[in-house]
Amino acid sequence: MFLPVTKNNLAALGLVALCAWPAAGNGTTNAVPDFGALDLAQLASVKIDISSINPRPAREQPSIVSVIQAAQIREMGARDLMDILQQVPGFGFGQDVNGVVGPSFRGLWAYEGKLQLIVDGVEFNESLYGTTQLGHHIPADAIAEVEIIRGPGSAKYGGTAELAVIRVTTKGANQNGGYGSVTPSVGAGKVGTDYTGGFGYTLGDYRVSANAYVGENFRSNRRYTALDGTSFDMTRNSDIQSRLVDVDLGWKDLDVRLIYDLYQLSDRIDFGETLPTTEPISFETLAAVANYNWKVNDWLTVTPSVTYRRQTPWCGGVPGSTLEIVTDRYIGELTAVANLSPAATLLIGLRYLRDSAEAEDTSFYGVAPANFYNHGTSDTVAYDTYSAYSQFDWDLKWVNVTVGGRYENQSAVGGKFVPRLGLTKTWDRFHLKLLYDQAYRTPNINILSSPASVSLENGLLIAGPPASVTIKPETTTSYQLEAGYVFNHGFALTENIFYMEIKDPVVYLVDPGTEQDGYGNGGKVSTYGTEVELRYTRPKFSAAFGYSLYVVDQNTVAYWQSGDPRENLGLPADKFSASATWHVSDALSWNVNSTFTTEQRAYIYPHTEPVDMNSTFRLNSFVEYRWPHASIGLGVANLLDQNQYIAQPYAGGEAPMILTGREFYFKFGFQF
């Protein structure tokens, strides 16, 4: 059952809230820098460049930014990227078709083309719909750093960087040595195991590094009950297999990276009607990227880069029918960074992108491959996108100014320009940010070319051939204000307020009765709210607390409405996150972390309209002991064995899915 909101439970939450953001401490055995051992002043000086042109501390980035380091990830016992995002304000999770889980952000369903996930310079969003999958995907033990723009990033990144950007950097060639870890887990008799390892080596001008991951896990060990009342035990019907190989080769200023990623689920949920047996759904990516940092002189750097990516996403289906579409992406990009003065920096970039797809098996839709795209004229389709972008960072005496913009022209929908403006300033302990951004979502291949597109008439799904419905790029406008202060005695407090509006959102619609589905533009949806972070960092104890709130300002998309005008369907309005690490000794640490979300509204059996589902409270614990070259840890996920439901954030005919109950896991690690 869910944990109801009572005074006693809120009091317990308050005790855990003395914990906070995952913090790491002394005695790390990782070869990467142990930023977790830094105090607040040192942490504030760690520089990144996810939003700025040149590296700057997070407090000076012209965006709302979160940075999570390897030591923090390790000490909280995180196993994958989803575990990390649980602790980041504003992020939530929703359920898509086939039991796939994806992210939401600030009360908006970000999974499908609205959030950009980048791993070592490669965009992981798939090309057919722009989705990215979470849950036992992207292993935590291979991550050196996660940088997050909590807000639009289209001006610099384009494409799917509409609501947020997540940039993952794996452990690489800056370390001379390697690591390995084995993480077996047990929950309700179901066993899963993660194997992760890698190495990095530098010899003069040459660099080489590699990371590899093999995961055999499961989505849930609870029962799923569909909206028609049928149910099944997910314990042996929700297996997840994940594979990742990431190799980097470097010589002087030349860098070449190869990535292979396979994510496969066993599914019985389908589109809400439970299947008699499991069917595999897989997402496969093979990518190669090369770039060269040409330092023309002491103030100008020019970087040409090329990327090739082949994907087979959403491969699988239901008994007797499958889907297999192979996509190819080619990118050529040229950027130039000019340090005009110590206070002024200019970025200029040009980009060409070609996305193509070939339908090899489309029996899932009842359409032969030769008839899949363009209704009988071709089984292939391709779109070209040309982009030009620029950003100017100028540090003045009283304010730091960031001005930028991006123009992108896609062959199917035409051109779009989005601007950005940031005013930031740091005065010793205090910092202030005022941000304005526009962003867009470029429609992906199957949104533009699927066998049936849709339009919205009086809130109803009207199907038709692609030529009869014009898909427009959706546009987001964002206003953000952040203020932060670093107190004495290890305390730091940051709060931001935001307003985000999506115009012409691209909406996925499905008729559960006929399973007819497609895409169309809705009217408008907007949210506003706040996010608060409190940190406390001392040598023996580190803690943080996060709170985020969104409120719906307007929502004209009936398929996203929850019946409560203040909330969107399937996405709780309030989220509390808390984590604390006690450094019992230089070798022994104990972390407790938790998340608490208020009620969410969702469709559940036997109701025909959305109803309130109880609040959820998830408590995790991880104890780790470290030797100079090895470590052992014991973790308990969902310590209180609470039901944590992941709801569908649109009226797609699926009931909420329950994630894993109480789960014990071990971490055995070594370094050399």
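Select from region 627-641 the residues that are more than 23 Å from the chain's Cα centre (by Cα) and without any contact (Cβ under 8 Å) to a residue 40 or more places away in the chain and list them in ascending order. Step through it out loud before you land on a result.
Of all residues in region 627-641, those more than 23 Å from the chain's Cα centre (by Cα) come to 627-636, 639-641.
Of everything in region 627-641, those that are more than 23 Å from the chain's Cα centre (by Cα) and without any contact (Cβ under 8 Å) to a residue 40 or more places away in the chain turn out to be I632, L634, V636, L639, D641.
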(Q) Which numbered condition in (1) in a loop (DSSP other than H, G, I, E, B); (2) surrounded by fewer than 17 Cβ atoms within 10 Å (Cβ to Cβ); (3) not acidic (D, E) is the only one that A412 fails? (A) (2)
**Q.** Checking S387 against (1) under 28 Å from G153 (Cβ atoms); (2) assigned to a loop (DSSP other than H, G, I, E, B), the condition it does not meet
**A.** (2)
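With more than 30 Å from S321 (Cα to Cα), in contact (Cβ under 8 Å) with a residue 40 or more places away in the chain, among the small types (G, A, S) and crowded, with 17+ Cβ neighbours inside 10 Å as the only criterion, which of G250, G272 stands out? Quick ask: steps written out before the conclusion?
Details: G272 fails: more than 30 Å from S321 (Cα to Cα).
Just one listed residue meets the conditions, G250.
Identify, from the list V146, V186, V191, V168, the residue that is farther than 23 Å from T402 by Cβ and modelled with pLDDT of 95 or more. Before the answer, list the steps.
Values: V146 fails: farther than 23 Å from T402 by Cβ; V186 fails: modelled with pLDDT of 95 or more; V191 fails: modelled with pLDDT of 95 or more.
Sole residue among the options that is farther than 23 Å from T402 by Cβ and modelled with pLDDT of 95 or more: V168.
For every residue, the table says whether it meets (1) more than 23 Å from the chain's Cα centre (by Cα); (2) farther than 28 Å from V256 by Cα; (3) free of Cβ contacts under 8 Å to residues at least 12 places away in the same chain.
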residue: L163; (1), (2), (3): no, yes, no
residue: G178; (1), (2), (3): yes, no, no
residue: P184; (1), (2), (3): yes, yes, no
residue: G189; (1), (2), (3): yes, yes, no
residue: G204; (1), (2), (3): yes, no, yes
residue: N217; (1), (2), (3): no, yes, no
Q: Tell me which residues, restricted to region 571-586, are under 23 Å from the mean Cα position of the chain (by Cα) and either of a type in the set (D, E) or within 18 Å of V506 (Cβ to Cβ) (or both).
A: L571, D574
Q: Would you tally the residues in region 146-183 being part of a strand (DSSP E or B) and more than 27 Å from V418 (Cβ to Cβ)?
A: 8
Q: Out of L353, L300, L286, L323, report the one residue that is surrounded by fewer than 15 Cβ atoms within 10 Å (Cβ to Cβ) and of a type in the set (A, V, I, L, M, F, W, C).
A: L300
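Would you check if T470 is of a type in the set (V, I, T), surrounded by fewer than 16 Cβ atoms within 10 Å (Cβ to Cβ) and modelled with pLDDT under 95? Show your work before the answer.
Working: of a type in the set (V, I, T): yes; surrounded by fewer than 16 Cβ atoms within 10 Å (Cβ to Cβ): yes; modelled with pLDDT under 95: yes.
So T470 fits the description; yes.
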Q: Can you work out which of the residues in region 33-59 that are under 17 Å from A544 (Cβ atoms) and assigned to a loop (DSSP other than H, G, I, E, B) is modelled with the lowest pLDDT?
A: L38
Q: Could you run through region 204-231 and say how many residues are in a strand (DSSP E or B) and out of contact with any Leu (no Cβ under 9 Å at 6 or more places or on another chain)?
A: 8
Q: Find the residue count for region 588-609, including only residues that are at pLDDT below 95, more than 23 Å from the chain's Cα centre (by Cα) and not acidic (D, E).
A: 6
Q: Looking only at region 343-366, decide whether some residue is modelled with pLDDT of 95 or more, in a loop (DSSP other than H, G, I, E, B) and out of contact with any Leu (no Cβ under 6 Å at 6 or more places or on another chain).
A: yes
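Table: residues versus (1) closer than 30 Å to K416 by Cα; (2) touching an Asp or Glu at 6+ places or on another chain (Cβ under 7 Å); (3) charged (D, E, K, R).
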{"site": "F498", "(1), (2), (3)": "yes, no, no"}
{"site": "P505", "(1), (2), (3)": "yes, yes, no"}
{"site": "Y508", "(1), (2), (3)": "yes, yes, no"}
{"site": "T527", "(1), (2), (3)": "yes, yes, no"}
{"site": "G546", "(1), (2), (3)": "no, yes, no"}
{"site": "Q561", "(1), (2), (3)": "yes, no, no"}
Q) Among the residues of region 389-406, which ones are closer than 16 Å to L435 by Cα and among the polar types (S, T, N, Q)? A) Q391, N400, T402
(Q) Among (1) hydrophobic (A, V, I, L, M, F, W, C); (2) assigned to a loop (DSSP other than H, G, I, E, B); (3) modelled with pLDDT of 90 or more, there is one condition V381 misses while meeting the rest; what is its number? (A) (2)
Q) Quick check, is F487 buried (at least 21 other Cβ atoms within 10 Å of the Cβ), in contact with a Lys or Arg (Cβ under 9 Å, 6 or more places away or on another chain), at pLDDT 90 or above and not polar (S, T, N, Q)? A) no
(Q) Could you list, ordered by first residue, the pairs with Cβ atoms under 6 Å in which the first is in region 584-596 and in contact (Cβ under 8 Å) with a residue 60 or more places away in the chain and within 14 Å of N638 (Cα to Cα) and the second is in a strand (DSSP E or B) and of a type in the set (G, A, S), at least 6 apart or interchain? (A) V592/A580; V592/S621; N593/S579; S594/A578; T595/S577
Q: Considering each of E609, E624, E654 in turn, give the residue that is assigned to a loop (DSSP other than H, G, I, E, B), in contact with a helix residue (DSSP H, G or I) (Cβ under 8 Å, 6 or more places away or on another chain) and either among the acidic types (D, E) or without any contact (Cβ under 8 Å) to a residue 12 or more places away in the chain (or both).
A: E654
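The values are calculated or read from the model by the stated rules, or taken from the named source; none is laboratory data. This structure is a prediction, so every number in the text was calculated from the model and none was measured. Because the Cβ atoms are built from the backbone with ideal geometry, glycine has one as well, and the counts that use them run over all protein chains shown.
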